[in-house]
Amino acid sequence: MSRPHVVIVGAGFAGYRAARTLARLTRNQADITLLNPTDYFLYLPLLPQVAAGTLEARRVTVSLPGTLHGVRMVLGEADHIDLDGRTVHYSDPEGGIGTLGYDRLVLAVGSVNKLLPIPGVAEHAHGFRGLPEALYLRDHVTRQVELAAGEDDPKVRAARCTFVVVGAGYTGTEVAAQMQLLTDQLARRHPLPGGLRPRWMLLDVAERVLPEMDERLSRTADRVLRSRGVDVRMGTSVKEAAHDGVLLTDGEFVASRTLVWCVGVRPDPLVESVGQPLERGRLIVDPYLQVPGRPEVFACGDAAAVPDLERPGAFTPMTAQHAWRQGRVAGENVAASLALGRRRRVYRHRDLGFAVDLGGVRAAANPFGIPLSGPAAGAVTRGYHLAALPGNRVRVAADWLLDAVLPRQGVQLGLVRSWSVPLDTASPELPRVPGGPERRPEQDRAPERADAPPAAERGDHPAPGPVKRTDPPDPAAQ
């Protein structure tokens, strides 16, 4: 008798935890296949520190083959899922196609950058969901400060040293806090004429920073940002974006060469093509994380609308904390459905608190509801991340120690260019490659940057060839 085959699509917080849990419970009594575009799990909460130069990129990537023993890894992106035929169709990184049959399916494809119909944003802003975007931002910001140091025109100099972050949630707040420290160090290394200091702006339509978190965390983060000179503007966002700046909703035009889009996330577009009921783009599941009417299909993480049993009628938010816990429950319930593990259980969560690293020794945290700030919060925050990391703990701790005693390396590697990390992409974990293999239609819907400034003005090199685009998706397939 053949062993049951479980396919997990996506190796984010939910998919990685589901695979690890399944491998532990089934003990080689089931074939487990993990389909993912990269060979690593990305620990997203530390990504701002990669952009700021505190951590090297590989520190926040955990090898899938090295940590998921008993799990077969397949490199590729799911293009189509045939629920009736129980098959997953995918494309590999070199343009090849393949098919995976399954007895159980776990959809954990995660999320991508959230877009809003604001003129110019898709063309001129960059998100912060993947490693390529973090590496691009680090190079771009470094380049702008270095170019400003040699610029004679004071207006251009000021524009290059003005950095706009939209979205004062968890990601945007950390990006502004971490990157502000980096640019201050760069400015000390490359003195700016007239004593100019890099300027960071943090915008959000909400009434306060970190609107989804405890008010005490919000006040702490707001105080730290303002004390460092970050221009925090609540109730304000972008009305229009251009290559030379952004027009704000209050009518002010801010000259800038940098627009970082951290407004939020939306479920991966693949979820829409499954053909099952959705809740704001997320696949509706029951408390056991199963798709109604499809007992062999499970979904978790940002791709799933999971009932919040603590708040009847609501769904759990799209956070890494929920995704990590849901991944474990999904793994346990899949094993139970195969009679290979413990009895299945519903997903129920208890809030353990949040932590926001604001750079240096500053942070805001409320572990178990206890509000902390300053060095104490910094220690708790970093301790939490070390405990949550599934690997690389010693390397991360070593980088933190070195950053505390040595100056950061402020250099451009030039590995990721502006055109390779468009905001409108279903694959933020993969940079766009000129002449590369075709990918599923949703991935290449970003408009061509025809109205972008010349490469020399942006400080970028032009793409060596045309970027392949596919036809728009067929509405009937949605």
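The values are calculated or read from the model by the stated rules, or taken from the named source; none is laboratory data. All of these numbers come straight from a predicted model, not from anything done at the bench. When we count neighbours, we look across all protein chains shown, and the Cβ atoms used for this are built from the backbone with ideal geometry, even at glycine. For the accessible areas, the whole protein counts, side chains as well, though only heavy atoms, and no ligand, DNA or RNA atoms are used. Shrake-Rupley method; radii C 1.70, N 1.55, O 1.52, S 1.80 Å.
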* Please give the number of the condition PHE368 fails out of (1) assigned to a loop (DSSP other than H, G, I, E, B); (2) out of contact with any Pro (no Cβ under 8 Å at 6 or more places or on another chain); (3) not basic (Lys, Arg). => (1)
* Inspect all residues belonging to the range 337-350 and state whether any of them is open to solvent by 40 Å² or more (accessible area, probe 1.4 Å), small (Gly, Ala, Ser) and touching a strand residue (DSSP E or B) at 6+ places or on another chain (Cβ under 9 Å). => yes
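Answer with yes or no whether ALA11 is on the phi < 0 side of the Ramachandran plot, assigned to a helix (DSSP H, G or I), aliphatic (A, V, I, L, M) and touching a residue at least 12 places away in the same chain (Cβ under 8 Å).
no
Could you look through the range 369-397, keep only residues that are under 26 Å from LEU42 (Cβ atoms) and exposed (fewer than 13 other Cβ atoms within 10 Å of the Cβ), and pick out the one that is modelled with the highest pLDDT? Please lay out each step first, then the result.
Here is the first cut: in the range 369-397, the residues under 26 Å from LEU42 (Cβ atoms) are 377-397.
After this cut, where a residue has to be exposed (fewer than 13 other Cβ atoms within 10 Å of the Cβ) as well, the list is 387, 394.
Details: ALA387: 94, VAL394: 97.
Filtering the range 369-397 for residues that are under 26 Å from LEU42 (Cβ atoms) and exposed (fewer than 13 other Cβ atoms within 10 Å of the Cβ), the one modelled with the highest pLDDT comes out as VAL394.
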* Test: residue in the range 153-163 that is in contact with a Lys or Arg (Cβ under 6 Å, 6 or more places away or on another chain) and open to solvent by 40 Å² or more (accessible area, probe 1.4 Å) -> no
* Structure fact -> Out of (1) part of a loop (DSSP other than H, G, I, E, B); (2) open to solvent by 10 Å² or more (accessible area, probe 1.4 Å); (3) at pLDDT 95 or above, the one ASN28 does not meet is (3)
* **Search result, residues across the range 111-128 that are closer than 19 Å to HIS243 by Cβ and open to solvent by less than 10 Å² (accessible area, probe 1.4 Å)** => VAL121, ALA125, GLY127
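Taking GLY245 as the residue in question, decide whether it is of a type in the set (Gly, Ala, Ser) and open to solvent by less than 10 Å² (accessible area, probe 1.4 Å). Break it down into steps so the answer makes sense when it comes.
On the way: of a type in the set (Gly, Ala, Ser): yes; open to solvent by less than 10 Å² (accessible area, probe 1.4 Å): yes.
It is true that GLY245 is of a type in the set (Gly, Ala, Ser) and open to solvent by less than 10 Å² (accessible area, probe 1.4 Å).
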* Structure fact -> Given (1) among the aliphatic types (A, V, I, L, M); (2) farther than 27 Å from PHE13 by Cα; (3) modelled with pLDDT under 95; (4) touching a strand residue (DSSP E or B) at 6+ places or on another chain (Cβ under 9 Å), MET213 misses just (2)
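Determine whether the range 200-218 contains at least one residue that is closer than 26 Å to SER111 by Cα, in a strand (DSSP E or B), in contact (Cβ under 8 Å) with a residue 60 or more places away in the chain and among the hydrophobic types (A, V, I, L, M, F, W, C). Before the answer, list the steps.
Step one: filter the range 200-218 for residues closer than 26 Å to SER111 by Cα, giving 201-214, 217-218.
Those still in the list that are in a strand (DSSP E or B) too: 201-204.
With in contact (Cβ under 8 Å) with a residue 60 or more places away in the chain added as a condition, the list becomes none.
No, every residue in the range 200-218 fails to be closer than 26 Å to SER111 by Cα, in a strand (DSSP E or B), in contact (Cβ under 8 Å) with a residue 60 or more places away in the chain and among the hydrophobic types (A, V, I, L, M, F, W, C).
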* **Filtered residues of the range 182-199 (kept if assigned to a loop (DSSP other than H, G, I, E, B) and within 28 Å of the chain's Cα centre (by Cα))** => PRO198
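When you scan the range 129-138, how many residues do you find that are open to solvent by 30 Å² or more (accessible area, probe 1.4 Å), within 15 Å of the chain's Cα centre (by Cα) and among the charged types (D, E, K, R)? Before you say what the answer is, go through the steps one by one.
To start, the set of residues in the range 129-138 that are open to solvent by 30 Å² or more (accessible area, probe 1.4 Å) comprises 129, 135, 138.
If we keep only those that are within 15 Å of the chain's Cα centre (by Cα) too, we end up with 129, 135.
Checking which are among the charged types (D, E, K, R) leaves us with 129.
Number of matching residues: 1.
Could you list, in sequence order, the residues of the range 315-336 that are polar (S, T, N, Q) and open to solvent by 30 Å² or more (accessible area, probe 1.4 Å)? Outline the logic, then answer.
Our first condition is that a residue be polar (S, T, N, Q); within the range 315-336, this holds for 316, 319, 321, 326, 333.
Within the range 315-336, THR319, GLN321 meet the criteria.
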* Structure fact -> Selection over the range 379-422 where residues are part of a helix (DSSP H, G or I) and free of Cβ contacts under 8 Å to residues at least 40 places away in the same chain yields a count of 16
* Confirm whether PRO312 is open to solvent by 50 Å² or more (accessible area, probe 1.4 Å), in contact with a strand residue (DSSP E or B) (Cβ under 8 Å, 6 or more places away or on another chain) and farther than 30 Å from PRO48 by Cβ. => no
* Give me a count of the residues in the range 187-228 that are farther than 25 Å from ARG160 by Cα, of a type in the set (A, V, I, L, M, F, W, C) and open to solvent by 10 Å² or more (accessible area, probe 1.4 Å). => 2
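Go over the candidates ARG17, ARG59 one by one and state the one that is of a type outside the set (Ser, Thr, Tyr), out of contact with any Gly (no Cβ under 8 Å at 6 or more places or on another chain), open to solvent by 30 Å² or more (accessible area, probe 1.4 Å) and at negative phi.
Details: ARG17 fails: out of contact with any Gly (no Cβ under 8 Å at 6 or more places or on another chain).
Just a single option satisfies the conditions, and that option is ARG59.
Checking the conditions here, which among GLU240, GLU212, GLU207 is under 23 Å from PRO119 (Cβ atoms) and out of contact with any Asp or Glu (no Cβ under 6 Å at 6 or more places or on another chain)?
Values: GLU212 fails: under 23 Å from PRO119 (Cβ atoms); GLU207 fails: under 23 Å from PRO119 (Cβ atoms).
Answer to the selection: GLU240.
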* Of all residues in the range 278-290 being touching a helix residue (DSSP H, G or I) at 6+ places or on another chain (Cβ under 8 Å) and open to solvent by less than 10 Å² (accessible area, probe 1.4 Å), which is farthest from ARG129 (Cα to Cα)? -> LEU289
